[in-house]
Amino acid sequence: MKKTFVLVLLLMIPLVFFATEISESVTEMFDQSLSALTADMAIGTPIETGNKVIVPLFEAGMGFGGGIGGPGVAYGGGLGGGIDLLPYSVLIISDDGVDVVPVTNKVPFLQQLVDVLPELMPYIQGALQYMMVGETE
């Protein structure tokens, strides 16, 4: 019994070490990424042209992941992450007012669904009729 307990403890030591290392690495990655992600990244540097000021706007996204291997597999771990800045729109400020010009082709999912629904209705109705005929038999 003592040998089993000692063996379990010996197997747990590397796991605890790797978990601590990964935890510290993830914390450091988050700190560095969040400190780098400022409002200046999402709102670009204004550009003055004549009587207009053009301000680029960006969509910012972050993602992180990590993992660790345990007993029965080679010990190891890894983590990764990234920040995406995608052009979203341009803000144009002039004497006439403020205009927002989208520069992305992203359309919200529900808008896409509403646009395509009239084309899908015959197929949906056919599928429902087919299912109802199967139930009555």
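Going through (1) within 23 Å of Ile43 (Cβ to Cβ); (2) of a type outside the set (Val, Ile, Thr); (3) exposed (fewer than 10 other Cβ atoms within 10 Å of the Cβ) one by one, Pro118 falls short only on (1). Which pairs have Cβ atoms under 9 Å, sit 6 or more apart or on different chains, and link a residue in segment 108-137 that is among the aromatic types (Phe, Trp, Tyr) to one that is assigned to a helix (DSSP H, G or I) and modelled with pLDDT under 80? So the pair list comes out empty. Residues of segment 90-112 that are under 32 Å from the mean Cα position of the chain (by Cα) and open to solvent by less than 70 Å² (accessible area, probe 1.4 Å): Val90, Leu91, Ile92, Ile93, Val101, Thr104, Val107. Screening segment 46-75 for residues that are hydrophobic (A, V, I, L, M, F, W, C) and outside any strand (DSSP E or B) and picking the one that is modelled with the highest pLDDT gives Ala74.
The values are calculated or read from the model by the stated rules, or taken from the named source; none is laboratory data. This is a predicted model, so every value here is computed, not measured. Glycine also receives a Cβ, built like all others from the backbone with ideal geometry; neighbour counts cover every protein chain displayed. Remember, those area values only see protein heavy atoms, side chains included, never the ligands or the DNA or RNA. Shrake-Rupley method; radii C 1.70, N 1.55, O 1.52, S 1.80 Å.
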